[in-house]
Amino acid sequence: MCKLIPFLFCLSALAQVDMQLGLRENKNQAIAFTNAVIYVSWDQVIEHGTLVVRDQLVSQVGANLAPPKDAYAVDLQGKVILPGFIDVYSDYGMPEVPKRERSRTPVYETERQGGNSWNGSIHAERSARDLFKPMGKQADDLLANGFTAVHTNSMDGVFRGQGVVVDLAQGLPAESILGPGFHGLSFDKGTSKQLYPSSLMGSIALMRQTFADAQWYASVRKSANAGEYNAALEQLADYKGGYLFESADELSLLRCAAIAKEFGLNAIYVGSNNEYQRLEAIAKLKRPVILPLVFPETPKVATAAESMDVSLASLRHWELAPGNAASLAGAGVPFAFTTYKLKKSSDFWAGLHTSIKAGLAPEQALKALTAVPAQLLNQEGQLGSLSVGKRANFSVWVESPLDDEKATWLATWVNGKSIKAARDLSFVDWRGTHQISVRDRAFVLELSGSPTGLSGKLKLDDLEESIKQVTVDDRELTFTIPMDRFAFEGVYRFRLLAHTDGTRSGEMINSFGVTQTFDLKSGPMVEASDEETDEEKEPAPTESLAKLTYPNMGYGRAMPPVAETVLLRNAVVWTSAEQGRLDGADVLVSAGVIQAVGVGLDAPAGATVVDCTGKHITAGIIDEHSHIAISGGVNEFSHAVTAEVRIGDVVNSDDINIYRALAGGVTTVQLLHGSANPIGGQAQVIKLRWGSLPEDMKFKDAPASIKFALGENVKQSNAGDEFVVRYPQSRMGVETIIRDKFQAAKEYGEKWDAYYSLKPNRRQGMLPPRRDLQLEALREILDAKRFVHCHSYVQSEILMLMRLAESFGFKIQTFTHILEGYKVALEMAAHGAGGSSFSDWWAYKFEVYDAIPTNPCLMTRAGVVSSVNSDSPELMRRLNQEAGKSVLYCGMDEEEALKLVTINPAIQLKIDHKVGSIESGKDADLVVWNGHPLSIHSSAERTMVDGRTYFSLEDDGKLRLEVEEERAKLIQKALKSPGNGSGKSKKHKGSEIWDCEDTVDFWGVNHD
Amino acid sequence: MINIFLFACLFHDQVPGAPQTQAIVIKGGDLYTVSHGVLHATDLRLEGGKITAIGEVSLTDAIIVDAQGQRVYPGLIAPMTRLGLTEIDAVRATNDTAEVGDLTPEVLAGIAFNPDSELIPTVRSNGIAVAQVAPGGGLLQGQSSLLMLDGWNREDMALNMSVGMHLKWPNVRVREGWWVRDSAEEQRDKMSKQALALREAFAQAKAYHLAREASRIMPKNTRWESMRPLFKGEIPLYVEADEYKQIQQALEFTESFGLKMVLCGGNDAWRLADVLKERGIPVILAPQTRLPDRADDHYDLPYKTPHLLHESGVQFCISIPSSWAVRNLPLQAGIAMAFGLPDDAALRSITLSTAEILGVSDRLGSLDVGKDATIIISKGDITDTLGLNITAMYIQGRAVDLDNRHRQLHRKYATRLERAGK
């Protein structure tokens, strides 16, 4: 028998080494459960089944089997046995995680102990196996829901250590251990007080660097020259098992998947019930997802004010999230359920039935609680079903909880032993109709409600009286009835009994204390009262009112716009190129590209001709400096140098500001890291392909870029009295830290060059240099593969950075919102740096006291390629007007002024070969304006990206109506929903609005 | 014609205009009167700081300013600004915008007004001649003052030192999201405490006022004394409230205390237009250059809010409740025009409507005989980036220096480029 069980030598073999105290315990009896409905596995149910448990395992299971002679038999009288459930995501038996404490003063270092990591959120050295200690309350809650085993791990930090699979027997910890678990991962740094990582992108960078380090550490161990001992890497270096990634939403899940792909990890994802919103991408991963059974509460919409503040996205998610599991099932994504995040354990069945009502087949639900997790955890040899040879782990119910969420649980057995029970298994369900004969009169007793919470009525002809003071014991039922209504005197006391032979009897005591027995004929409920049928009735599966769009919110689209073949006829075309401004000109677009520009173009066959008489057409507006569409913090503001973090990892395709920017004619933006650090994070240029996944928004032809920053922000001048210790605190130090880092990057590059200059056979056995993501990015700058966009204000620091760059042989690509650019414009022109400016901001801090609105004019005059940027989701919607301010303040030529937001920022981003002007061969990123594009009186009517119309007034008008209608329907549904009014309307993820200076520890606040 | 620029170049700072001693005739300009349409190529006579004639004007003893081909407007009025109260937002020493505590009705913005702020000339040169300077701070913030933007000190600049009492309506919405530090409970608690504190304060102030009216002998309470003009109906309560529910509450509050109310901010005012109109409550709108408040809002909702109010007949004007950014005021009106607001209504929303709401329409806001000679001349449409180009400003007939820090810095560094042959 033991041979059948992998990993565990034999059950309870471990305890053999323990000193035996007191009398020995005998665990090897045989028990037979008969007359049960047995769910042997998720896809096999036996009626009138017998389950024989022996030696803690299932030894026999089948229909109508006679119990073996040596077995103690229990007649379950039609009760239901379910195989033990398995929760893949639990912290059962783990040490309690202390409450997250926030420190007002920044903490840069963590306490070092042995070989722990430099970062306080890395605990890969932790082993749940060594920390595990069974805990009564937590186990009881799980057992009462039918769980018998869990994968448990600490839930603290980015690297959480390795989990362990345990049963819920609550005996010796070591006896409960079933096998090794997964390494746990999350982007949340948990209780670490250290500032780094302070953002989602910081967590991602830390995770990537640690996996890179683990690979390197593996080679360190193989090589002769041993490096420093690192406890976390020691565990990860050769680990080939699974990684359990906790994700906050569907985009976060895809971020986890990108890391898994990069480092070849065997990943399992803990989901969020948002997966349906990007089902296709998630199904493509072909990896299992663990789903919590927590769903949005009914939005509060009882007053006008309340409903205004509930977005269509939240309304939709409220309606659609319950169907998430069914969607995953439909797409063939394997999934398991977890009790994780349930507010109270008793919400489990309600959660599961929410999924079932939303379309998940009950057997799929059972599979997600048994077979799927067993297989995931590599425990299918002993868990996941009740087939012969598996562990006798199961729960017993009066009726199947898969059919009735209020089913009565009786007991849960682990390893053939009852670990937790509510009632004896012989418990009798009294519900039904009972004929009682009292003093020759035929009474009918109708009992309903739940088996343990009975209610009922005694009826005689058309008279009836409710039963009172009801007590339900295992096989005994007592209650009282005032009998006056039936013309008897006083209150009678009743007692009904079920005998082991299956017969039933009753007795009653009348008002004089005289006891009288009576016969009892029981049958099923003949006819329930109307009231009860209403309650019991399954609500008819309603068709969902919510639409599913990309992104799944107001103004999202069910289908992406098509690449049109279109001739825009007879407009004023501002080419931002050699052709200048063309009156009465046409633009021909097809296959996403501008095919021709000129007067009197022929429309090719199949082209749509759009009359643009009176309209103006410009190239799509480009914003060199934006922070829209970013999740989880715009600044990794902890360290002075954070070149390892990447905005590209945290692009948020669900930001409504993408759509709003399109409505302002914007088509391409550079998403920049904030300005908290001299060397900030890597930037990401995106096209505003509203509805696409983050990955598909990325501007593939844009070279890599990075954000630097100078001045007050990086020296933390306005950050408060606590922020006075980070180097640098002066403009002097800003120079030296940047210099030092570039020197390091140069040496890093030399090290790798030297390594690669060796012949491959010589490299073998040699320790390669450690891969450093930060220096890698800086090295790319030195190699002119990555370009610097530097936040800057005052002239001294602008000169400093240009000279520093020159001394390392590279060039600063663009100084962004460089408000004193006009003072050193000649030097910038000579260096070859571009200058991006605010149109007219000033006086918000000391370093902008000399900012002037004629800055773009003066820079342009000196020969600097100049642009106007937004740094604001609001301002970016009207960058055309901002460009117009150069006409206002210094009479800039109008075509030149328009270039400030078209071809010039394209040059600064090195994408001018693709976008920024209207020339044949370029991407068809176009805006049709209803008037002069620089006039404040004009607005965009249509915005195309890659020849696809992502915004038009016509579509917008339709979408407005659709949003309104759909909102109204869903609000009505919410008002009718029984939960309405109690729920807090949890804000849907979506837009996070950032500016350059936002320095919030993203992980320092409560995300629940 | 006086060359203002030549005059300005001689000084580092701008010198206030001298009091008008000689009549000025603005000749041949298109008069955007606001009160009675556009009068093309019409003369305007300014005398003794007042507009004395329009149309057939006497040229006797007058300085003639040729405005042919240019537009003449009344000087713009910026409500709800922080001008003169702050110089550099991030430098604490330069900020006098808020007093400590939630209830500071006694403080008066004009007291702290810095007439030499470098910001003022940059605002002026875009046509803003008069500004309401309002305090910030907790809930009951204090009183605002109305000042002309040219002069030696507040005493010769002030039009009205106490224009109204300012109340920032407590937040009513439980904020959710990871960036919110207080729990929903803590927030609700704070909100209800604030609402209670407000009611109590007003009840106490009113009780004090009634006691004083009844000539009871009692010590003067500086705080409550400052609120008496409010209860006497001499000044309105300016209530800053954006959200629907806030506005609803504020309407109920001012009604129950019998106060005159001006709504400031008013993002959701259009949703309550009927009540506002019925009670005659004017709105000083927050800028249109903001994002929609709610994800499902029309992308252009902020832009078209003035239009929506105009359509429903609610009196409103446009504000930029800020300091340096106030110079964009005429362009704000331009954005509203792009999204439906008719030209004349747009112009009115930065001139006459503002004057009416601030109680100075007898002196300001339109080109009418008898009003202050506070006017501006622009080469083009002041509501457009491509038109705004102020060539002259007169405040009560004083010629205002239109130079500013930005123009000075521009000239300095343009010189550098010139020397380099650029």
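The values are calculated or read from the model by the stated rules, or taken from the named source; none is laboratory data. For clarity, every value in this text was computed on a predicted model and none was experimentally measured. Don't worry about glycine lacking a Cβ; one is built from the backbone with ideal geometry, like all the others, and counts go over all protein chains shown.
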Complete set of residues in segment B:395-422 that are in a loop (DSSP other than H, G, I, E, B) and more than 33 Å from the chain's Cα centre (by Cα) = B:ALA420, B:GLY421, B:LYS422
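I'd like the residue in segment A:840-860 that is within 7 Å of another protein chain (Cβ to nearest Cβ) and part of a helix (DSSP H, G or I) and, out of all such residues, is nearest to A:SER792 (Cα to Cα).
Quick first cut of segment A:840-860, residues within 7 Å of another protein chain (Cβ to nearest Cβ) only: A:842-846, A:849-850, A:852-854, A:858.
Of the ones still in play, those that are also part of a helix (DSSP H, G or I) are A:846, A:858.
On the way: A:PHE846: 13, A:LEU858: 17 Å.
Selected residue: A:PHE846.
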query = Has segment A:407-427 got any residue that is charged (D, E, K, R), at pLDDT below 95 and in contact with a Pro (Cβ under 6 Å, 6 or more places away or on another chain)?
reply = no
request  = Tally the residues that are under 16 Å from A:THR50 (Cβ atoms) and surrounded by fewer than 17 Cβ atoms within 10 Å (Cβ to Cβ), restricting the search to segment A:376-388.
outcome  = 2
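Name the residue, out of B:PRO287, B:PRO302, B:PRO306, that is closer than 25 Å to A:ASP956 by Cβ, crowded, with 23+ Cβ neighbours inside 10 Å and facing chain A (nearest Cβ under 10 Å).
Details: B:PRO287 fails: crowded, with 23+ Cβ neighbours inside 10 Å; B:PRO306 fails: facing chain A (nearest Cβ under 10 Å).
Every option except B:PRO302 fails the conditions.
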inquiry  = Which numbered condition in (1) in the same structural domain as A:SER867 (by TED's automatic domain parsing); (2) within 22 Å of A:MET876 (Cβ to Cβ) is the only one that A:HIS616 fails?
reply    = (1)
message = Among the residues of segment A:305-334, what is the count of those that are charged (D, E, K, R), within 14 Å of chain B (Cβ to nearest Cβ) and in a helix (DSSP H, G or I)?
response = 2
Residue list for segment A:111-140, restricted to those being more than 28 Å from the chain's Cα centre (by Cα) and surrounded by 12 or more Cβ atoms within 10 Å (Cβ to Cβ) = A:GLY115, A:ASN116, A:PRO134, A:MET135, A:ASP140
key: Sole residue being outside the structural domain of A:THR503 (by TED's automatic domain parsing) and over 43 Å from the mean Cα position of the chain (by Cα), chosen from A:SER455, A:SER418, A:SER400, A:SER426   = A:SER426
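Restricting attention to segment B:142-162, does a residue exist that is of a type in the set (A, V, I, L, M, F, W, C) and within 14 Å of chain A (Cβ to nearest Cβ)?
Keep residues of segment B:142-162 that are of a type in the set (A, V, I, L, M, F, W, C), which gives B:146-149, B:152, B:157-159, B:161.
This time we only want the ones that are within 14 Å of chain A (Cβ to nearest Cβ), so: none.
The answer is no; no qualifying residue exists.
Let's see how each residue does on (1) among the β-branched types (Val, Ile, Thr); (2) away from every other protein chain (no Cβ under 14 Å):
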residue	(1), (2)
A:TYR659	no, no
A:GLY664	no, no
A:LEU672	no, yes
A:VAL685	yes, yes
A:ASP696	no, yes
A:LYS700	no, yes
A:GLY711	no, no
ask   = So is B:LYS412 farther than 20 Å from B:GLY49 by Cβ, within 13 Å of chain A (Cβ to nearest Cβ) and at pLDDT below 95 or not?
value = no
inquiry  = Could you list, ordered by first residue, the pairs with Cβ atoms under 6 Å in which the first is in segment B:403-416 and in contact (Cβ under 8 Å) with a residue 40 or more places away in the chain and the second is among the charged types (D, E, K, R), at least 6 apart or interchain?
reply    = B:ARG405/B:GLU118
task = Kindly indicate whether B:ILE235 is more than 14 Å from chain A (Cβ to nearest Cβ), crowded, with 21+ Cβ neighbours inside 10 Å and not in a helix (DSSP H, G or I).
result = yes
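Okay, residues lined up against (1) touching a helix residue (DSSP H, G or I) at 6+ places or on another chain (Cβ under 6 Å); (2) among the small types (Gly, Ala, Ser); (3) more than 30 Å from A:ALA302 (Cβ to Cβ); (4) within 12 Å of chain B (Cβ to nearest Cβ):
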| position | (1), (2), (3), (4) |
| --- | --- |
| A:PRO873 | yes, no, yes, yes |
| A:TYR889 | no, no, yes, yes |
| A:GLU895 | no, no, yes, no |
| A:THR949 | no, no, yes, no |
| A:LEU953 | no, no, yes, yes |
query = Can you name the condition, by its number, that A:THR339 falls short on among (1) touching a Ser or Thr at 6+ places or on another chain (Cβ under 7 Å); (2) within 14 Å of another protein chain (Cβ to nearest Cβ)?
reply = (2)
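Please work out if B:ALA333 is under 27 Å from A:LEU959 (Cα atoms), hydrophobic (A, V, I, L, M, F, W, C) and within 13 Å of chain A (Cβ to nearest Cβ). Break it down stepwise before answering.
Details: under 27 Å from A:LEU959 (Cα atoms): no; hydrophobic (A, V, I, L, M, F, W, C): yes; within 13 Å of chain A (Cβ to nearest Cβ): yes.
Taking the combined requirement at face value, the residue does not satisfy it.
Search segment A:861-870 for residues being outside any loop (DSSP other than H, G, I, E, B) and at the interface with another protein chain (Cβ under 8 Å from one of its Cβ atoms), and hand back the single one that is surrounded by the most Cβ atoms within 10 Å (Cβ to Cβ). Outline the logic, then answer.
Taking segment A:861-870 first, the residues outside any loop (DSSP other than H, G, I, E, B) are A:861-862, A:866-868.
Imposing the further condition that a residue be at the interface with another protein chain (Cβ under 8 Å from one of its Cβ atoms) reduces the set to A:861-862.
On the way: A:ARG861: 20, A:ALA862: 23.
Only one residue tops the list, namely A:ALA862.
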query = Within segment A:226-252, how many residues turn out to be over 18 Å from A:LYS189 (Cα atoms), part of a loop (DSSP other than H, G, I, E, B) and of a type outside the set (A, V, I, L, M, F, W, C)?
reply = 8
task = Among the residues of segment B:184-198, write down those that are without any contact (Cβ under 8 Å) to a residue 24 or more places away in the chain and either surrounded by 12 or more Cβ atoms within 10 Å (Cβ to Cβ) or touching a Cys at 6+ places or on another chain (Cβ under 8 Å) (or both).
result = B:ALA184, B:GLU186, B:GLN187, B:ARG188, B:ASP189, B:LYS190, B:MET191, B:LYS193
query = For segment A:527-605, which fully contained strands (runs of 3 or more DSSP E) count at least 1 residues that are at pLDDT 95 or above, touching a strand residue (DSSP E or B) at 6+ places or on another chain (Cβ under 6 Å) and of a type in the set (D, E, K, R)?
reply = A:566-574, A:581-590
ask   = Out of segment A:44-68, which residues are over 26 Å from A:ARG475 (Cβ atoms) and either of a type in the set (Lys, Arg) or assigned to a loop (DSSP other than H, G, I, E, B) (or both)?
value = A:ARG54, A:ASP55, A:GLN56
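Kindly establish whether A:ASN904 is in contact with a strand residue (DSSP E or B) (Cβ under 7 Å, 6 or more places away or on another chain), within 14 Å of another protein chain (Cβ to nearest Cβ) and of a type outside the set (A, V, I, L, M).
Details: in contact with a strand residue (DSSP E or B) (Cβ under 7 Å, 6 or more places away or on another chain): yes; within 14 Å of another protein chain (Cβ to nearest Cβ): no; of a type outside the set (A, V, I, L, M): yes.
No; evaluated as a whole, the condition is false for this residue.
For (1) modelled with pLDDT under 95; (2) surrounded by 21 or more Cβ atoms within 10 Å (Cβ to Cβ), each residue gets a yes or a no:
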position	(1), (2)
A:TYR39	no, yes
A:GLY49	no, yes
A:ASP55	yes, no
A:SER59	no, no
A:LEU76	yes, yes
A:GLY84	no, yes
A:VAL88	no, yes
A:GLY93	no, yes
A:VAL107	yes, no
ask   = Residues in segment B:311-358 that are assigned to a helix (DSSP H, G or I), in contact with a strand residue (DSSP E or B) (Cβ under 8 Å, 6 or more places away or on another chain), among the hydrophobic types (A, V, I, L, M, F, W, C) and free of Cβ contacts under 8 Å to residues at least 60 places away in the same chain: how many?
value = 2
task = Would you point out the residue of segment A:446-463, among those that are hydroxyl-bearing (Ser, Thr, Tyr) and out of contact with any helix residue (DSSP H, G or I) (no Cβ under 9 Å at 6 or more places or on another chain), that is farthest from A:ARG423 (Cα to Cα)?
result = A:SER455
